[in-house]
Amino acid sequence: MDHPQRDYRKLAAALAPDIPAAELDRVVQPLESLEAAFRPLTAALADETEPAFTVRLSTEWPA
Amino acid sequence: MSARLPFRTIAEAGEELRAKRISAVELTKISLKAAADEQPRTNAFLAMMEEQALADATRCDAELARGESPSPLHGIPVAVKDVFSTKGTKTTVGSKIFANHVPDHDAAVVERLRAAGAIIIGKTHMQEFAYGITCNNPHFGPVRNPHDVSRIPGGSSGGSGAAVAAGVVLMAMGSDTGGSIRIPASFCGTSGLKPTTGRVSRYGVLPLDFTLDHMGPLAPTPHDCALSLQVLAGYDPRDESSSRAPVDRYAPPAEPSLAGFRIGIPTSFYYEGLQPSIARALESLQNKAEALGARLVPVDVGDIAAINAIGRVILLSEASAALEPYLHRRADFGADVLALLDQGRLLPATDYVNAQRLRRIHMTKFEAVWEKVDCLLTATTPTTAPKIGQAMIDILGKSEDVRLASTRLVRGFNVLGLPALSIPSGLDGEALPMGAQIVGRRFNEKTVLAVGQALLS
């Protein structure tokens, strides 16, 4: 599965415009490296794979 | 020369207290003086609790006079990281934002320590919001490593590591989201235990990460960690993740023997990219384990680099969600933490959910390891303590980011929720401490502590 690399500068402009331009390198570069390591892993996910933590309502909740 | 506590372990101090060869008040006064003497050198504390500590010690002495000693921590001077709420005493979480925060309640850990008769002398210094490993705190100054004050103590529980290593207290509590107990233990030459998820209550601790945070002790030896865990472990209905799993008896056997233990030596990742002195120290520990009767078993531990990436996505996402209410005060955050929080704001929710799905897959897969071995032996950190302000570190000719290098051998066990102990594995050629890590199956702190204590014997 090929994913186009996200443009975190555009995402920052849209989602977090309060991040000053001078600080963007410290934000964008680590995210680009992390994305390269993380996104290929998602190919291992089966449709039915649940998150590690799921909501389970029981008679004990709320206490 | 700074004063140090005259005892090396909790057991040794406890024996002297119960034999009435020293009083809890005397011991507390020595500890308070040691803290004051060390403060200009290491900056290990953010607040002292002298008045309450002496009152608690006086009460302990009265109990000892009546022959009462409710726990091995009774009368023992300890400290807690400034992430733990203390009723009536400032709890800053290492941040400017909480600089004047005075909680109206104690954290569960503080309650349990007090109920056991431990004497809390103060709040230890830490990374801002426990988010990072350098303890180069922009608001309250850097914590310095007692072995070399030009170096970091590790973090985020760096003040706790420094206070134990300097002989100020015999146990200091830390929190560990991606190695924050074990890294300072490694860099400062102490023991440090990150228990299983749910083993020690998180109640009264400002969350950094809802699914990765763990609370645990740093202390001179694994035996001291075991005595501390005995007091700390147990179900707490105020913590959603708290487990009802039975609490073991954690104290390791007096006779160091590893007969019958299968110690796993990972065949990938954990023995790669280590400073040569650390690799040699691990080899010595392996030899010692065999001499004590253990069998060394090569074992496949799967894709730890993937688990680390999953952990980073989870941490960036959850920490930014947890601290979002304060993000409008950008000027009140340090640059390092702010950059991490901004990164988390830009990660899509789909990545977070997929990271938690991948986490389930790896947690399930990793169970196969425990069919072959009883515990794993690895290094805790691939290097000794870097210099304060150092951003990159050279390991075997390769330059690595200090933060990523320091967390790469420890972060995975937060993702997997497994108990992991750091023990001192000796000093390198520069007399800097090195650390080894012992990891066990969930809720099997007993094995981890027994192996750690035997390897230190």
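No value in this document is a laboratory result; all are computed from the given coordinates. Here the structure is a predicted model, which is why all the values come from computation and not from measurement. All Cβ positions, even for glycine, are placed from backbone atoms using ideal geometry, and neighbour counts span all protein chains on display.
Details
- Per-residue ellipticity at 222 nm, computed for the protein assembly as shown from helices alone with -39500 (n - 2.57) per DSSP H run of at least four residues, works out to -11500 deg cm²/dmol.
- Under the Karplus curve 6.51 cos²θ - 1.76 cosθ + 1.60, θ = phi - 60°, whole-Hz ³J(HN,Hα) for region B:208-220, x wherever Gly or Pro sits: 9, 9, 5, 10, 10, 5, 9, 10, x, x, 10, 7, x
- Whether region B:1-128 is rounded, prolate or oblate, judged on the alpha carbon gyration tensor where a/c under 1.5 counts as rounded: oblate
- For the pair B:Val102 and B:Ala331, label points projected 7 Å from Cα toward Cβ lie 2.7 nm apart.
- Annotation: amide H of B:Ala436 within the under-5 Å range of B:Thr380, B:Ile423, B:Ser425, sequence separation 5 or more or interchain, hydrogens built in the peptide plane.
- The order of B:Ser31, B:Ser156, B:Ser277, going from fewest to most other C-beta atoms within 10 Å of their C-beta, is B:Ser277, B:Ser31, B:Ser156.
- Estimated dipole of the protein assembly as shown in Debye, rounded to 20 [Cβ of Lys and Arg +1, of Asp and Glu -1, Cα centre]: 500
- Cα-Cα pairs of region B:48-91 separated by more than 12 Å (percent): 67
- Taking every alpha-carbon pair within region B:125-205, the share separated by more than 20 Å comes to 25 percent.
- Student exercise, chain B dipole from Lys, Arg, Asp, Glu Cβ charges, in Debye to nearest 20: 220
- Descending principal axes extents, region B:197-317, alpha-carbon based, whole Å: 45, 39, 24
- Each part reduced to its alpha carbon centroid, region A:24-44 and region B:401-423 end up 19 Å apart.
- Shape call, chain B: gyration tensor on alpha carbons, a/c limit 1.5: rounded
- For peptides A:6-16, B:407-417, B:252-262, sequence by mean Cβ density within 10 Å, most packed first: B:407-417, A:6-16, B:252-262
- The GluC sites (Glu not before Pro) of region B:42-110 that DSSP puts in a loop, and whose beta carbon has at most 12 other beta carbons within 10 Å, are B:Glu68.
- Positive dipole terminus of chain B, leading residue within B:Met48, B:Gly389, B:Ala379 (C-beta point charges): B:Ala379
- Put simply, the amide H of B:Thr124, placed in the peptide plane, has neighbours under 5 Å in B:Leu46, B:Val80, B:Lys81, B:Asp82, leaving out anything fewer than 5 places away on its chain.
- Mean projection area, nm², convex hull over Cα of the protein assembly as shown: 24.1
- Residues whose amide H falls under 5 Å from that of B:His214, counting only those 5 or more places apart or on a different chain, are B:Asp176, B:Thr177, with hydrogens built in the peptide plane.
- What you get for region B:335-385, charging only the Cβ of Lys and Arg (+1) and of Asp and Glu (-1), is a dipole of about 200 debye around the Cα centre.
- Normalised by 2.2 N^0.38 Å, where N is the number of residues, the C-alpha radius of gyration of region B:349-434 stands at 1.35.
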